[in-house]
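Everything below concerns the one structure shown next.
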Amino acid sequence: MKKIAGLILSMICLTACNDGDLVFEDLNFNENQEIQKCKDNELYFKINNNELLLVDFTFGTNGSVLDTLATLGEIKTLKTSNQPKIYYRTYDGALNTNTICSLVPPANPKVVSEYTSVAGGTINYTRTMVPVVTESAVNVTYMYTINFENITLTNGSSEIRYTTLPYGSYIYDSSKLSFNFGTNFAICDHILTGKISNEMLQLQLPQDFIFPTTNQTQIIALNNTNLLSYFTFKTTISNTDICDFPDDTPLKEEWYVNNGNLEIVSEAVINKVTGEVTGYKHVLKLIDAEFMKDKSSFKLTDRILGTYQVVL
């Protein structure tokens, strides 16, 4: 009986010590940790102290695999091969971006172990856009979400295998929509137009609409007829000529209102000395306005855009 027990114990020990049979179940990378990218190449990576998980998306001179014009929400796939390839490394010291991205890697820290992906695994990547409404603005984030399926990483003697592994998100761009035009409004061919910094608003007014010359509140229903569009540009635009659409400036964002209302509160401006009416100010406010772009949307429930002023 003792001989049998000893034989079983020896077999367990041999199996545990055979590097060829070692399969690690966990890589210590948080799914919610943002993916980083080297500035001058297509290396996308995560760092956890002295550990690195990296995807090499380098494909000749055809630019980035993560196309910034790809259809939102559409899952695209690549098979692991010589390119693209996934790397898992451990180092003898803590890592930073310079260690990974330098043309000439620093002498330290040194690589302790390296696992690379074998052919046949799948890399899924999806372009998404997430608008977040705050009290002062709408922040729009553009990202790629990446995950792995049926991947095997090997160092030649042992393997790391995953049926599914969420890699995380790489944020490649963002926009800020302030919705605050102050008094930078004008009427341009029956279109209420606002400009400031790199933002522009255009509202096609109803055919019979006239800004009043009495104190009152009006509501314009926002729909396909009274279309409100909101633009942001890649650089600052001039608001000297508010009616001029900046065709020579690259457009970054274009949103339109699907439904909701524009509230206009009109009030006479009175000279405190003479008591005379010198003009009118019209405070413009969005009420339950739903903005749409592609398949994404956000709602502004109560947001003042600014004031359209008329001087007599």
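Just a few scattered comments:
- The stretch 196-212, residues that are touching a strand residue (DSSP E or B) at 6+ places or on another chain (Cβ under 6 Å) and either farther than 30 Å from P250 by Cβ or of a type in the set (V, I, T) (or both): F211, P212
- The single residue among N271, N258, N215, N239 that is surrounded by fewer than 12 Cβ atoms within 10 Å (Cβ to Cβ) and either at pLDDT below 95 or in contact with an Asp or Glu (Cβ under 7 Å, 6 or more places away or on another chain) (or both) turns out to be N215.
- Yes/no for S197 being touching a helix residue (DSSP H, G or I) at 6+ places or on another chain (Cβ under 6 Å) and either farther than 29 Å from G73 by Cβ or surrounded by 15 or more Cβ atoms within 10 Å (Cβ to Cβ) (or both): no
- Positions within the stretch 236-265 being over 19 Å from D173 (Cβ atoms), among the charged types (D, E, K, R) and assigned to a strand (DSSP E or B), in sequence order: E263
The values are calculated or read from the model by the stated rules, or taken from the named source; none is laboratory data. Since the structure is predicted, the reported quantities are computational estimates derived from the model, not experimental observations. Backbone-built Cβ (ideal geometry, glycine too); neighbour counts: all protein chains shown.
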